[in-house]
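Visitor: This is the structure I want to talk about, given as structure tokens.
The values are calculated or read from the model by the stated rules, or taken from the named source; none is laboratory data. Only a predicted model underlies this, so the values are computations on that prediction, with no experimental measurement involved. Quick reminder, even Gly has a Cβ in these numbers, built from the backbone with ideal geometry, and neighbours come from all protein chains shown.
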Amino acid sequence: SSETLYGDGGNDVITGNGGNDQLYGGADNDRLSGGLGNDQLNGGRGNDMLLGGAGNDRLDGGAGADTLAGGAGNDTYYVDNAADKVIEAAGQGTDTIISNVSFDVNNPLPDNVENLILTGGATYIPNYGMYRARGIGNALDNTLTASVSFGVLEGKGGNDTFIGSNGRDDMTGGEGADTYRFFNTIKSVDEITAGAGDRIEITGYSPGDVSVERGDWVWGWDDSEDFPSEWSQPDSFWTNGQSVGLSMTQADGSGSVFLGVHDFFTASGGDALSMAGVYFDANNDGIFESQWSFQDIKTQLLTGTTAADTLYGFDASETLFGYGGNDVIIGGGGTDTLYGGAGNDVIQAGSRDYKYHSVPGDKTLLDGGTGNDVLYGSASDETYVFNAGYGQDTIVDYYSGDKDKIEAGFDPLSLIFERSQNNQNNMEMHIAGSTDTLTVKDWYKGNNNKVETIKARDGSALLDSQVNQLIQAMATFSKDNGSITWEQAIADRPDDVRTVIAAYWQPAA
């Protein structure tokens, strides 16, 4: 029969029967054995040992450095710690790891595990000059899936299958005949490195909506499915130090139009052209402008729409607006200002590609706007803006040596800081009287991950070294005053709250 068994606070040993059991270890270092059947093993806190046994088991070690061994059957492993160890023997089924930590050159996909679903876990990649979630396969026929934007997937031996996310992904096959799959989400910024015998599969588009060309630093249409049906796809692009041209013919072959692009967008190391599209008149299929200037095209590329856009900055100082939709906005060199607008946006300071790094001394402002946004820092000095109604935003900044700050559009009295209850590595800044929350990912894992200064609306400043002291002072105040919550104290005893926070906030200069 099936059982559900729970451990207590000690080092428990829990063994299931022959049914489909559910075992929960709880705190401390537990040993869970599922036995026969399709079992679910949850280690909880501590450094646990989970043994699935025969059957299609689900193993989740929880917090701590866990050892997970599924045994025979098609097992699923949940990995949330770089120190987690997955053990599989050959011929024991088709197994899958779902991971929010990277599998990189020092820690590739374990032997005898076929599939990886990457849900997060930024790691520093030297060739890219930035932190990105990374998944490296093994010698088997792997299926590597990016469920997080900006994923980097790399095959090794075997005939691998790569599945991209809704954002920018880089995919590189190894030996074998590999397959790259996109499900109605392919972007002009997805990059693959394929070889002989490889296959690209795109679903959700008709054949006439897809154009495949070869070139050096020439980017195609962002939304080729919106290209008017009476025109064919662009026939060719080329770069050889001369003008780049775009040739189009009518679908029935009755005529042709040539649009010459006379301006290059120069970037570090050579010429680069990035073309988002040419707009047609809805009434007579005429061109709005016979020739776009450099600034005309650049303005189009830096400005979004009400839909989901992908915008890239150049090496100069620019302002990028996402407006509506769930946008991806990536800055370039220089002093950039990046606005997400409405929608759940992903905003990356620095460069659009590892070939064009941000450098210390650059300054970037990231303003996600309304919606639940993710803001990625870089080696430059970032300013993260968070105002009323901005939703639940997250800052990811793992760089050292820069001077970052949060500009909060609130008075210090309204700001509530706490160590995240959902992830003890994160720090959260809540706004009293609202659901708005700003999370700084991995704040407690090291000084590199912190934002150096938090500035309030009145100009006062809270240094990163004072944040945890303020959190402790808030807890002490609550305990000494009948367990009143800090938010209740803000409403009922604001003068007492001001006295507490005055010891930590520095007045405006």
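Visitor: Residue 420 - would you say it is in contact with a Ser or Thr (Cβ under 7 Å, 6 or more places away or on another chain) and either surrounded by fewer than 19 Cβ atoms within 10 Å (Cβ to Cβ) or outside the structural domain of residue 344 (by TED's automatic domain parsing) (or both)?
Guide: The answer is yes for residue 420.
Visitor: Now for a separate question. At positive phi and either modelled with pLDDT under 85 or assigned to a strand (DSSP E or B) (or both): which single residue out of 350, 333 fits that description?
Guide: Among 350, 333, only 350 is at positive phi and either modelled with pLDDT under 85 or assigned to a strand (DSSP E or B) (or both).
Visitor: Next up: I'd like to know if the range 133-140 contains one or more residues that are at pLDDT 90 or above, surrounded by fewer than 22 Cβ atoms within 10 Å (Cβ to Cβ), assigned to a strand (DSSP E or B) and out of contact with any helix residue (DSSP H, G or I) (no Cβ under 9 Å at 6 or more places or on another chain).
Guide: No, the range 133-140 has no match at all.
Visitor: Mind listing whichever residues of the range 386-398 are surrounded by fewer than 21 Cβ atoms within 10 Å (Cβ to Cβ) and either assigned by TED's automatic domain parsing to the domain that holds residue 64 or not polar (S, T, N, Q) (or both)?
Guide: Of everything in the range 386-398, those that are surrounded by fewer than 21 Cβ atoms within 10 Å (Cβ to Cβ) and either assigned by TED's automatic domain parsing to the domain that holds residue 64 or not polar (S, T, N, Q) (or both) turn out to be 388, 389, 391, 396, 398.
Visitor: Hey, does the range 431-439 have a residue that's modelled with pLDDT of 95 or more, under 16 Å from residue 402 (Cβ atoms) and out of contact with any Phe, Trp or Tyr (no Cβ under 8 Å at 6 or more places or on another chain)?
Guide: No; the residues of the range 431-439 include none that is modelled with pLDDT of 95 or more, under 16 Å from residue 402 (Cβ atoms) and out of contact with any Phe, Trp or Tyr (no Cβ under 8 Å at 6 or more places or on another chain).
Visitor: So how many residues does the range 484-505 have that are hydrophobic (A, V, I, L, M, F, W, C), in contact (Cβ under 8 Å) with a residue 40 or more places away in the chain and in a loop (DSSP other than H, G, I, E, B)?
Guide: 1
Visitor: So, in the range 73-91, of the ones that are part of a loop (DSSP other than H, G, I, E, B) and surrounded by fewer than 18 Cβ atoms within 10 Å (Cβ to Cβ), which residue ends up modelled with the highest pLDDT? So that I can check it myself, show each step before the final result.
Guide: Let us first name the residues in the range 73-91 that are part of a loop (DSSP other than H, G, I, E, B), namely 73-75, 80-84, 88-91.
Those left that are additionally surrounded by fewer than 18 Cβ atoms within 10 Å (Cβ to Cβ): 74, 81-83, 89-91.
On the way: 74: 97, 81: 92, 82: 91, 83: 93, 89: 94, 90: 94, 91: 92.
So the residue we want is 74.
Visitor: Would you call residue 272 within 26 Å of residue 152 (Cα to Cα), among the small types (Gly, Ala, Ser), at pLDDT below 85 and in a strand (DSSP E or B)?
Guide: For residue 272, the condition - within 26 Å of residue 152 (Cα to Cα), among the small types (Gly, Ala, Ser), at pLDDT below 85 and in a strand (DSSP E or B) - is met.
Visitor: Could you check residue 18 against (1) surrounded by fewer than 19 Cβ atoms within 10 Å (Cβ to Cβ); (2) in a strand (DSSP E or B) and say which number it fails?
Guide: Here residue 18 clears every test but (2).
Visitor: Further question on the same structure: Based on what the data block shows, is residue 282 in a loop (DSSP other than H, G, I, E, B) and at pLDDT below 55?
Guide: Against the criterion (in a loop (DSSP other than H, G, I, E, B) and at pLDDT below 55), residue 282 qualifies.
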